[in-house]
Amino acid sequence: MNNILVLPMILPVLVGVILVFLRPYIRVQRVLSVLTTMASAAVAAYCLHHIHLNGIMRLDFGDWLPPHGILFVGDSFAMLLVLVACAVSSIILLYAFATTGIETETMFFYPFILFLVAGVNGSFLTGDLFNLFVCFEVMLLASYVLLTLGGRKTQLKEGITYVLINVLASWFFLLGIAYIYGVLGTLNMAHIAVRVAETGQGPLLTLIAIIFLIVFSLKAGLLLYFWLPGSYSAPPTAVAALFGALLTKVGIYALYRMFTLIFIHDPVIYKIIGVLAIVTMVAGCLGAIAYSDIRQIVSYNVIISVGFVLTGLAIATNIAFQGASYYLIHDMISKALLFLLAGTVVYLTGRSKFNEISGLIRNYPLVGWLFFLTMLAIAGIPPFSGFIGKVYIGLGAIETGSYVLLAVSFLSSIGVLYSLLRVFLNSFWGETIISEDDQKPFQKKIGLPLVLLAVLIVGLGIGAELLSPYIQDAADTLADPKQYIRAVIGDDLE
Amino acid sequence: METLITLLVGVLVAVGVYLLLSKEMLRIILGTAILSHAIHLLLLTMGGLKKGDVPLLTETAAEYTDALPQALILTAIVISFAVTAFLLVLSYRVYQESGRGPRLRGRQDE
């Protein structure tokens, strides 16, 4: 029964391998790839409901009982992220069909997107630390290829930085794994949590916790984000949207897993995360306001939201976890839409600086209004999706009296609003610079994925009530790690 | 024995970091390769070095070698092999595009 848990990872891998052999048949590749991600989303939705009814799901590979074997653990938090990741990547694939050239498509574009999705889903679902490393690497290797596919000069240049920084981060990841195996003698995350609780989180374990904090901060872009704006603005729009929507979220997920399950006994770590989140939000706002390249602005918006989601971890109460879950989901959808819109504007006008563009709303009203809607959603204005997450994180901050975090995180929303409003006012309003005869035709197939994502944003805002039981489950598991541990290794080891 | 290997790991890390900080692309790639060797050795050492018997656990076995670090290293080696191969191809492409040896020169505005 629980075998279904492996499908969100194994489906994309298998179909990806098959697609490698179907290289000349682009149409087949397109259909199969989008069907695969949609099927994974459906499986994730089913599992999510199953977890709500029957508790956390677990799959022991080869029937090796934990803590001896590798296993997949599906709790609501992970499964929500799998669901949204698969749904968003299906929609981004629709955009990729319309915009990716045939030369890129025949260079195994779709298989690599599927491998990326597989790596992301695997990272969310795994219950083993080393398996997490492997899934990270699957995701990263696919992203290296997608970033450099096409071989433009900026792509290659940013590709080198991106690969090297990730090689280094993976090195630190292995370092952390080696230390934790040396100290605790296990790699099963729930078992590690039990042993940390037994031995007490002394200086040695706190050091290991800091190593993991560095690793996942590099991946998530928490403070150590210097590589992010460059490498997220280099690749083609569809790939950039996939990166912006999925990759940093995996790092955030790993941070949440680490610091709500394993290293929960030392409050200093949460203080450090809080400070890092504040610095990230401030620096992200400065970056978003400093640049005039639309793609850079959008990339810096990713960084601000990373800081914002991690304030939820720094506060670490049930209600803040609820807010963070809502906001993570919202952020995956809205960042995908924002990246697609920015890429569409650059494609339609052929320019990337917002002060060189104006009056676009007359030429392309749909793009203009969708941009406006996304801006409101990201700034957290009701009834769109960002609102509910921000409110819950704010409630958590008031509950624990973290007023500095509260102030900075809400001021960062104003920074977001200002940076995007500047783009909107300059490029969409004012004198139109493109006459109706010169304007590039706006194809319906580019519009469709944009509208779909916008519908998701509005739907998540209005239908938050529908999601709330699952979000509640996710927050409960995060706030009470015993649930997770009990589901994995039973009561006897507690 | 463990101390000796840990010292060796330290030396390898020092060499790897030195190479990683240079401007020459090939040296950087070699640096990442050496760094990954260092971490593999560390993984092995952290699992405890060979204690004198096969990695089989029976009811009566008093001594056995921990097989898990070896499995971890095998996986990590394969991954670092793939990444190194990718980096080599990437730097060759940069060489083809720019027409000169791949060197990291930073950005104009930084």
ask   = Using Cα pairs under 8 angstrom and six or more residues apart, how large is the relative contact order of chain A, in percent?
value = 17
task = Using R₀ = 41 Å, calculate the FRET efficiency as 1/(1 + (r/R₀)^6) where r is the Cβ-Cβ separation of A:His49 and A:Asp438; round to 0.05.
result = 0.20
request  = Go from 0 up to the bin containing the longest alpha carbon distance in the range A:7-115, width 5 Å each, and give me the % of pairs per bin.
outcome  = 2, 12, 20, 18, 16, 12, 9, 6, 3, 1
request  = Compute the separation of the alpha-carbon centres of the range A:373-396 and the range A:157-209 and state it in Å as a whole number.
outcome  = 34
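Over 13 Å apart: what share of the alpha carbon pairs of the range B:1-55 falls there, rounded to a whole percent?
59
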remark   = Fewest-first ordering of A:Cys135, A:Cys86 by Cβ atoms within 10 Å yields A:Cys135, A:Cys86
query = Among A:Asp331, A:Asp293, what is the fewest-to-most ranking by other Cβ atoms within 10 Å?
reply = A:Asp293, A:Asp331
request  = Compute the projected area of the convex hull of the Cα atoms of the range A:344-494, averaged over all viewing directions, and report it in nm² to one decimal place.
outcome  = 12.8
ask   = Could you give the distance between the Cα centres of the range A:1-40 and the range A:309-337, to the whole Å?
value = 29
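Counting residues in the range A:56-173 as N, plug N into 2.2 N^0.38 Å and put the Cα Rg over that result.
Numbers: Rg = 16.5 Å, N = 118, 2.2 N^0.38 = 13.5 Å.
In units of the 2.2 N^0.38 Å rule of thumb, it is 1.22.
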remark   = Going from the fewest other Cβ atoms within 10 Å to the most, one would list A:Asp75, B:Asp66, A:Asp473 as B:Asp66, A:Asp473, A:Asp75
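Scale the Cα Rg of the protein assembly as shown by the rule-of-thumb value 2.2 N^0.38 Å and send over the ratio, two decimals.
0.95
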query = Normalised by the number of residues in the range A:267-462, what is the relative contact order in percent for Cα pairs under 8 Å and 6+ residues apart?
reply = 30
key: Across A:Lys153/A:Lys444; A:Lys157/A:Lys353; A:Lys390/A:Lys444; A:Lys157/A:Lys249; A:Lys390/A:Lys440, pairs whose alpha-carbon gap is larger than 28 Å   = A:Lys153/A:Lys444; A:Lys390/A:Lys444; A:Lys390/A:Lys440
message = Can I get the semi-axes of the range A:211-257's equivalent ellipsoid? Compute them from the C-alpha gyration tensor as square roots of 5 times the eigenvalues, in angstrom, largest first.
response = 21, 12, 5
ask   = Where does helix A:464-479 land angle-wise versus the long Cα axis of chain A, in degrees 0 to 90, nearest 10?
value = 40
key: Zero-based 10 Å bins, Cα pair distances in the range A:164-268, whole percents   = 14, 43, 27, 13, 3
request  = Quickly estimate the mean residue ellipticity at 222 nm for chain A, helices only: each DSSP H run with n ≥ 4 gives -39500 (n - 2.57), and the total goes over all residues, rounded to 500.
outcome  = -25500 deg cm²/dmol
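Rule-based calculations on the coordinates, nothing more; no lab input. A quick note: this is a predicted structure, and the numbers were derived from the prediction, not measured. With ideal geometry, Cβ positions are generated from the backbone for all residues, glycine too; neighbour counts draw on all protein chains shown.
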